[in-house]
Structures are given as structure tokens and as C-alpha cells.
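Engineer: Dropping the structure in here first, questions after.
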Amino acid sequence: MGNTSDFLWGMPIYKVAQKEDSGNYRPVSLTLVLGKVMEEIILNAIEWCVQDNHVIRPSQHGFMKGRYCLTNMISFCDNVTCLVDEGKTVDVVYLDLSKAFDTISHSILLEKLAAHETGVLFAG
């Protein structure tokens, strides 16, 4: 850490070996902490808006607090079992969308979030 401004934005964290050797420390940026705080504020605002305006259906499990892969599977199995018990046919289609969101236009996503009046300002 060379000067005062380096110290204000970074913190040396000890790795291994002798503590007297400056090469045994790695710098950790304190700006990451500020970014995480801002991320949490934005996330809370979006979650509040989404829940208050009923944007996401109750059946949504992914990326929801208190809902997991297991709760999704239990809900799915319960629904299928009920339909089969009623004598109905059940067809299941699985889609792999894991890379689908890599190509989303961030500007369009931000416009859509703004249209739902999240109350959060986004810099584009």
C-alpha cells in the first residue's frame, strides 16, 4: 500500500508465512463492501415492488427467499399427484435455459424494471 488513498480503498489481508513480509498479504478492495451494500438496497427495493404488485406468481420458487429446489420439487410432485388422482393425463416438458440470460439486453431489462415503478434509479 503506497499512499493514503490506497489505504482508504483497500485493506491488506494476511495470507501465509511471515507476517513481516508484505508479499504475504493480499489487497482486498473496500469498494466491494460499498457495492454489496448498494446491491442489497436495490435488491430489497425490487423485492418489495415485485411482492407488493404481485408480479411473480406464488408458484415461483427460483430466486425467492425461503423457496428452494426442494420446495419446487415437492410442489411439482404434489400437483402431478393431484392431477393423476383425478384421472387426468400429465405431460412434462423440461427446458434448459441456463445460458438464456447471458444474452439479455441490460438496457431493455432496466426499462422493464422502470416500467414496474420499482422506485429505484438505474444508471445506464
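Engineer: Only one of Ser59, Ser75, Ser107 is touching a residue at least 12 places away in the same chain (Cβ under 8 Å), touching a His at 6+ places or on another chain (Cβ under 9 Å) and among the small types (Gly, Ala, Ser); which? It would help to see each step written out before you state the result.
Structural biologist: Working: Ser59 fails: touching a His at 6+ places or on another chain (Cβ under 9 Å); Ser107 fails: touching a His at 6+ places or on another chain (Cβ under 9 Å).
None of the other options fit; the residue is Ser75.
Engineer: What tally of residues in segment 50-91 results from selecting those that are under 23 Å from Ala114 (Cα atoms) and outside any loop (DSSP other than H, G, I, E, B)? Walk me through how you get there before you give the answer.
Structural biologist: Of segment 50-91, the ones under 23 Å from Ala114 (Cα atoms) are 50-58, 60, 62-65.
Narrowing the set further to residues that are outside any loop (DSSP other than H, G, I, E, B) leaves 50-52.
Of the residues in that region, 3 qualify.
No value in this document is a laboratory result; all are computed from the given coordinates. This is a predicted model, so every value here is computed, not measured. Neighbour counts run over all protein chains shown; Cβ positions are idealised from the backbone, glycine included.
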